[in-house]
Structures are given as C-alpha cells and as structure tokens.
Amino acid sequence: MMECQSFFRTVRREIMKTPMSASKSHMSGEVRIGQTLNKHEEEFVTRRLKTVQQSLKKLGIDCTLDNVPKIALLGSGGGERAMLGLLGCLVKLEKIELLDCILYLSGVSGSTWCMTSLYQESNWSTKVNSVKEKIIQTHKGSGVGWGDANSKLKKYYDEKGMLSLTDVWGVIMVTSFVKEIDEHIISEHQVGHDKDPFPIYNVIDKGCRQQNNGDPWFEITPYEAGYSIIGAFVDVSKFGSEFQGGREIKHLPEMDMLYLQSLCGSCIADGEINMQYVLEKIKGFFNKSKENIFQVDGKLEDSTSPTIEEVHQLFLDLVEMNLCALRGEDTSPYEEAIRAKLSELQLDLVEIDETDGVFDPVKRFTAAASESLKSTFQSANVYGNVIQSVFKWNWGRKYNFLYKVKDDAVPIIFWDSKQRDYEDAGILNNSPYISVLRQERDVDLIISLDFSEGDPFETVTKAAAMCKKENIPFPKVDIPPNEFAKDFYVFEGHGEAPTVIHIPLFNTVNCGVNIEEWRREYRILHLPYGPDRIDSLLNIAGKNITNNKEKLLDEIIKCIGVKSAKH
C-alpha cells in the first residue's frame, strides 16, 4: 500500500522539528524517547556479534569484530504458509551453518507464529531439529479442544471484563493453525536466549494508518514495545497498562503469546467487509462448544427456565440474524422470533439507544438481546461479549502509553488518545523492513524470506519506493516486467543502504513451471494443512536456502569487504 509514503513524510516532518540528537534518548516518565537502542539490546548485539564472528571463522571467513556484518532475517506474513515456510528455512540455515550468523529475526503475521513457537524453547538455535520436530508434532496433532478453547475465552473475559475481537480471533482461529494455547509472556524471553537471534514482532497502529499521520510501525521485543520510526518505547511488561503523562497509573497483566499471535495475525481486521467471515467462524464455534461454554468449575450450569438449549439457540439466532443483514436479506423473521422467545422466558429487552454508540438497528437489537440474556447464566456473559465484539469491530485495543506525553518527538496524534488500536502489519506492508531499517540498528545485510500469497516482489518494491521518497537508505530495486520469480535476488547496498537478498517462497527453481499450482495449494484461508502438505511445504521452503548457500556466503563476504573499506 503506497499509503506508507505519506506516513513517512509526516513522521519525517515531525522528527525534523525536534532539537533532540539522533544519538541520544531521554525519559518522559516511564517512556523512553529517542533514536537509540535500549541498553539490553545493545548488550545483546555486542555479545551476538562475537558469536557471528566465530561462526564465520568456522566457515573459513575471517574478519575483525569491527567488520562483522549485522544480518537481519525477515519473515513475511502468509498465515500457516509463512509459519511453516520460515521454520523450513531456519532448519536449513542451521544445516548450512549460517543460523548463528543472524543478528535479528523480525517477523509479521504468520511468521510470528513460528517465532513464538521457537522461543518457547531456551536457546532453540542450538537444537533446531528437535525443536522443529516438537513444533511439527504439535502442528500435526488434533489441536486445541473445544473445552480448552472455551476455558481460555472465559479466562480472557474474567481478566479483562470484556472481549475484543483479538481475544476471540486468537481462541477460535489462531489456535486452529498453531494447535496450542501459549500462555507464556514475551518478557520471559529476556533470559535463556543468548544463543538465539534477537526477535522483533511487528504490528501497526490502525489509527495512524487510517489517518495518514503519526507513526504506524510498532515493534515488540522481549524488552520494549513501541513505535519504530519516532523512537518511543515502553517496557514490554507494561504495554497495555494505563498511562498518563508518561507514567503508569494502572497496571494490567502482560499479554500472553496467544494474544500476541492473534494481534500479529489479524489481517482479517482490515475492514468490516470481513465481518461476515468472522461471524461464520463464531457460529461454528457456538455450534461445537455448547456443552463447554455453559460450564462453571467443570460442571454444567443448572436452570429449568430458561434451559441451556433455549439460551444457546437464541444466541445462534442472533448470529444468524446479523449474517442475514450482511447478506442483504430480511431480518424481521429472526427479530420477531427472538422477541417472542424472550417474552416467553419473561426476559425484558434491555434498552439500547443511539447514545450508546450503536446506530445500526440490527446491531442495536443484538446488543439489547445479548444484554437481556446475560442474566440467565454466568456463561452467557461470554456469548454476549463475543457477539458484541464483532459489530464493535474492536481489534487490538490497548491503553496508549503516549497519552498526554507532550514531547517534541511525539506526534500530536498520540497526545490526546487514551487508547490505540493495533493490527496485522501485513495490511500496510507484508514484510517488516521498517524494524531493521532503524538507523541505530545499523543493519548491513537483509535476507527477506517472502511467503506472501500475491505478487512475490510487492514487499520489496513497496519498501524501495517508500525509502526512495523519504530519503531512507535502501538499494535500488529493479524487477524486469512479467518476471517469473526465481529463488534468489540481490539488490546491492550503496553508501549507508544495506544489501537486500530477496527469496520468494514459490519460484521457478523449486517449483519449475508449477508455481501457480503451488500457490493455489497453499492459499492463506485454506483449512489447516494436513501432514503431507506440511512436509511438502517445509521441504520446498528449505530448498531456497540449501540451493543458495554459496550465494549467501558470497554476499556476506561482500558486506565484510564494504565494512573493511569504511574503517
């Protein structure tokens, strides 16, 4: 999306207004502002570069510590395809002894599902094959049962008092792909990963994207969460807590990894046109989880009037009524039947008017009926919140840690909003170039693994166009017209620009003339892959690494030469 160009114009103007040195940072309360790395990342980089130096030496490449190249590996979005594709590539990078040469591992969307699975294991890089087998065993398994999924949804509700679609999407859909509920928190990854690349998870700020203002690019690491371009960060354990003037005024629990997976993998959040798809998934969840939803402490709730069956059916009717509305069909038969059933059960319809922010009459009736049903069973609160979360279309809402932070480096758009909404970064660009293009990270070589469904060059050409317009160092990207994707492209760095290696997943080398067949086989919204498709995808992704070992080494050697010439 070329929208990103205007973002950078705005952000660059904001940054140019501030007298702050690009080499310094300062604190505004508990918020760190500045174009620098936090001290923990700096310490990690110092240690990791020594590991890279030793790894290169094992490959017969000698260089001084000053000339060790900083290499970033990017994993694009692409749902389950990206999750497995990245895993297949990492396994082969370890096999050709290049994994320990990677400084940063940055992902968006589906690639982050792979990353969260990897970082469950301490120093996973030292045991890649066994970790891979564990992940694949889980991935080929039966997955999360309806009872466990329902319990997790209730847990989210109990913790927060409400549900966002990010909660619902994570429990209903993300678990169907990753096949587990990961309740670890990212700050746990501060220890036990000194032998792994530094992970960066990427999302975007929805309001900045829609308003073409501020900084849309938001990164989450084991230490900090914050805006990549303007350089405004908060301790990751406090991301989501309530802030004012740079100080935490109400602490909330740190998000777990399932929520992070859902936040990063929420491309469906891009527009309410996807509401019908989400409602269909919720309808399926309701149908399959009735016995589990109406349980408290492992036992079915008890009531003679209304019965579980009656309340369950009313919620299903509310979902179906909204689906009818989205299809442009008459909803009056459903509304009349629901009104009659509520009257029969002696349940008064709660009044919901336009002052509550619900203007559509079908949504307003749904909200009213849901509120009425909440009094029937304790578990009905969950049902009601799930349905209402859809037409509120609330994704990734968090308290804004920049609320009332009046600092020249912080764009005005952040000053007065108590909350911000975050969503899948792939909506803006399906690869996380921005996170590793931060000047302070000083990356020399970017290896872009592209698992996108559409144009295999879109992510790199978007990044190039944006950087050219905004004077951000980036190599020239020239793709011949009607190019059939090959398995290895090099866009040479110059001056301060890094070299970019671009590797499309499906290409003429590993797919021959059957590229389109492979793409159709691994469409993003296909059902979760079966065992044979999982193995095939791991294999074909891995070929993109093993087939190009010498080319990768050549580019690393070139980077060392460039750095040597500068020193």
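The values are calculated or read from the model by the stated rules, or taken from the named source; none is laboratory data. This one's a predicted model, so the numbers in the text were calculated from it and none came from an experiment. Quick reminder, even Gly has a Cβ in these numbers, built from the backbone with ideal geometry, and neighbours come from all protein chains shown. Protein only, heavy atoms only, side chains kept; ligands, DNA and RNA dropped before computing areas. Shrake-Rupley method; radii C 1.70, N 1.55, O 1.52, S 1.80 Å.
Could you give every pair whose Cβ atoms fall below 9 Å, whose first residue belongs to region 142-167 and is modelled with pLDDT of 90 or more, and whose second residue is surrounded by fewer than 17 Cβ atoms within 10 Å (Cβ to Cβ) and basic (Lys, Arg), counting only separations of at least 6 or pairs across chains?
Matching pairs, first to second residue: Asp167/Lys160.
Please state which one of Asn385, Asn394, Asn381 is closer than 19 Å to Leu165 by Cβ, part of a loop (DSSP other than H, G, I, E, B) and open to solvent by 10 Å² or more (accessible area, probe 1.4 Å). Spell out the reasoning first.
Values: Asn385 fails: part of a loop (DSSP other than H, G, I, E, B); Asn381 fails: part of a loop (DSSP other than H, G, I, E, B).
When all the criteria are applied, what remains is Asn394.
Given the criterion among the acidic types (Asp, Glu) and out of contact with any Phe, Trp or Tyr (no Cβ under 8 Å at 6 or more places or on another chain), identify the matching residue among Asp424, Asp416. Give the steps one after another, and end with the answer.
Values: Asp416 fails: out of contact with any Phe, Trp or Tyr (no Cβ under 8 Å at 6 or more places or on another chain).
Of the residues listed, the single one that is among the acidic types (Asp, Glu) and out of contact with any Phe, Trp or Tyr (no Cβ under 8 Å at 6 or more places or on another chain) is Asp424.
Go through (1) surrounded by fewer than 19 Cβ atoms within 10 Å (Cβ to Cβ); (2) more than 26 Å from Ile200 (Cβ to Cβ) for Lys127 and report which single condition fails.
Condition (2) is where Lys127 drops out.
I want to confirm something. Restricting to region 518-567 and keeping residues that are more than 29 Å from Asp442 (Cβ to Cβ), of a type in the set (A, V, I, L, M, F, W, C) and more than 23 Å from the chain's Cα centre (by Cα), which single residue is most open to solvent (accessible area, probe 1.4 Å)?
Here the answer is Trp518.
If I ask for residues that are surrounded by 24 or more Cβ atoms within 10 Å (Cβ to Cβ) and among the charged types (D, E, K, R), which ones from region 61-80 would you list?
Within region 61-80, just Glu80 meets the criteria.
Could you tell me whether region 256-267 includes any residue that is at pLDDT 95 or above, surrounded by fewer than 21 Cβ atoms within 10 Å (Cβ to Cβ) and of a type in the set (A, V, I, L, M, F, W, C)?
no
Is it true that some residue in region 489-510 is touching a His at 6+ places or on another chain (Cβ under 9 Å) and either of a type outside the set (Phe, Trp, Tyr) or open to solvent by 30 Å² or more (accessible area, probe 1.4 Å) (or both)? Explain how you work it out, then say what you get.
Applying the first criterion (touching a His at 6+ places or on another chain (Cβ under 9 Å)) to region 489-510 yields 489-491.
Then keep just the ones that are either of a type outside the set (Phe, Trp, Tyr) or open to solvent by 30 Å² or more (accessible area, probe 1.4 Å) (or both); that gives 490.
Yes: region 489-510 contains one or more residues that are touching a His at 6+ places or on another chain (Cβ under 9 Å) and either of a type outside the set (Phe, Trp, Tyr) or open to solvent by 30 Å² or more (accessible area, probe 1.4 Å) (or both).
Select from region 31-44 the residues that are in contact (Cβ under 8 Å) with a residue 24 or more places away in the chain and surrounded by fewer than 17 Cβ atoms within 10 Å (Cβ to Cβ) and list them in ascending order.
His40
For every residue, the table says whether it meets (1) surrounded by 15 or more Cβ atoms within 10 Å (Cβ to Cβ); (2) among the hydroxyl-bearing types (Ser, Thr, Tyr); (3) over 15 Å from the mean Cα position of the chain (by Cα).
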site	(1), (2), (3)
Thr112	yes, yes, no
Val131	yes, no, yes
Gln137	no, no, yes
Gly143	yes, no, yes
Ser151	yes, yes, yes
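Tell me, yes or no, whether region 245-256 has at least one residue that is assigned to a loop (DSSP other than H, G, I, E, B), closer than 25 Å to Tyr156 by Cβ and of a type in the set (A, V, I, L, M). Before you say what the answer is, go through the steps one by one.
Residues of region 245-256 that are assigned to a loop (DSSP other than H, G, I, E, B), as a first pass: 245-246, 251-255.
Cutting the leftovers down to closer than 25 Å to Tyr156 by Cβ gives us 251-255.
Imposing the further condition that a residue be of a type in the set (A, V, I, L, M) reduces the set to 252, 255.
Yes, there is a match, as at least one residue in region 245-256 is assigned to a loop (DSSP other than H, G, I, E, B), closer than 25 Å to Tyr156 by Cβ and of a type in the set (A, V, I, L, M).
Okay, residues lined up against (1) free of Cβ contacts under 8 Å to residues at least 40 places away in the same chain; (2) in contact with a strand residue (DSSP E or B) (Cβ under 6 Å, 6 or more places away or on another chain):
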{"residue": "Tyr422", "(1), (2)": "no, yes"}
{"residue": "Ile427", "(1), (2)": "no, no"}
{"residue": "Asp442", "(1), (2)": "no, no"}
{"residue": "Asp450", "(1), (2)": "no, yes"}
{"residue": "Val460", "(1), (2)": "no, yes"}
{"residue": "Ala464", "(1), (2)": "yes, no"}
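Output the residues belonging to region 215-230 that are within 11 Å of Val410 (Cα to Cα) and either among the hydroxyl-bearing types (Ser, Thr, Tyr) or modelled with pLDDT of 95 or more (or both).
Of all residues in region 215-230, those within 11 Å of Val410 (Cα to Cα) come to 215, 227, 229-230.
If the condition is that a residue be within 11 Å of Val410 (Cα to Cα) and either among the hydroxyl-bearing types (Ser, Thr, Tyr) or modelled with pLDDT of 95 or more (or both), then Tyr227 is the only one that fits.
Run Glu183 past the list (1) over 27 Å from Arg420 (Cα atoms); (2) surrounded by fewer than 24 Cβ atoms within 10 Å (Cβ to Cβ) and report the number of the one that doesn't hold.
(1)
Report every pair of residues separated by at least 6 positions or lying on different chains whose Cβ atoms are under 8 Å apart, first residue within region 485-504 and closer than 15 Å to Ile540 by Cβ and basic (Lys, Arg), second assigned to a loop (DSSP other than H, G, I, E, B) and open to solvent by 30 Å² or more (accessible area, probe 1.4 Å).
If the second residue must be assigned to a loop (DSSP other than H, G, I, E, B) and open to solvent by 30 Å² or more (accessible area, probe 1.4 Å), the pairs left are Lys486/Thr508; Lys486/Val509.
Take the residues of region 268-283 that are without any contact (Cβ under 8 Å) to a residue 12 or more places away in the chain and assigned to a helix (DSSP H, G or I): which is surrounded by the fewest Cβ atoms within 10 Å (Cβ to Cβ)?
Result: Ile273.
Considering only residues that are under 12 Å from Leu538 (Cβ atoms) and open to solvent by less than 10 Å² (accessible area, probe 1.4 Å), which ones fall in region 81-105?
The initial filter retains those residues of region 81-105 that are under 12 Å from Leu538 (Cβ atoms), namely 81, 83-92.
Selection gives Arg81, Met83, Leu84, Gly85, Leu86, Leu87, Gly88, Cys89, Leu90.
Taking region 406-435 as the search range and keeping residues that are more than 16 Å from the chain's Cα centre (by Cα) and part of a helix (DSSP H, G or I), which one is surrounded by the fewest Cβ atoms within 10 Å (Cβ to Cβ)? Full working, then the answer.
Pass one, region 406-435, residues more than 16 Å from the chain's Cα centre (by Cα): 406-419.
Narrowing further to those that are part of a helix (DSSP H, G or I): 412-414.
Numbers: Ile412: 10, Ile413: 18, Phe414: 24.
Taking the candidates together, the pick is Ile412.
From the list Glu248, Glu224, Glu242, Glu180, pick out the single residue that is within 16 Å of Asn38 (Cβ to Cβ) and among the charged types (D, E, K, R). Steps first, please.
Values: Glu248 fails: within 16 Å of Asn38 (Cβ to Cβ); Glu242 fails: within 16 Å of Asn38 (Cβ to Cβ); Glu180 fails: within 16 Å of Asn38 (Cβ to Cβ).
Going through Glu248, Glu224, Glu242, Glu180 in turn, the sole match is Glu224.
What's the number of the condition Ala337 fails, among (1) at negative phi; (2) among the hydrophobic types (A, V, I, L, M, F, W, C); (3) open to solvent by less than 20 Å² (accessible area, probe 1.4 Å)?
With respect to (1) at negative phi; (2) among the hydrophobic types (A, V, I, L, M, F, W, C); (3) open to solvent by less than 20 Å² (accessible area, probe 1.4 Å), Ala337 is out only on (3).
Please state which of the following conditions Met20 fails to meet, knowing it meets all the rest: (1) at pLDDT 95 or above; (2) closer than 16 Å to Asp408 by Cβ; (3) open to solvent by 40 Å² or more (accessible area, probe 1.4 Å).
(1)
I need the full set of residues from region 154-178 which are out of contact with any Ser or Thr (no Cβ under 9 Å at 6 or more places or on another chain), surrounded by 15 or more Cβ atoms within 10 Å (Cβ to Cβ) and not hydroxyl-bearing (Ser, Thr, Tyr), in order please.
Lys155, Ile172, Phe177
Please note which strands (runs of 3 or more DSSP E) are completely contained in region 18-95 and include at least 3 residues that are within 27 Å of the chain's Cα centre (by Cα). Please lay out each step first, then the result.
Working: elements: 25-28, 31-34, 71-75.
Those strands (runs of 3 or more DSSP E) span 31-34, 71-75.
Mind checking which helices (runs of 4 or more DSSP H) fall wholly inside region 454-567 and carry at least 1 residues that are under 30 Å from Lys140 (Cα atoms) and modelled with pLDDT under 95?
Values: elements: 458-470, 515-521, 531-546, 549-566.
Answer list for region 454-567: 515-521, 531-546.
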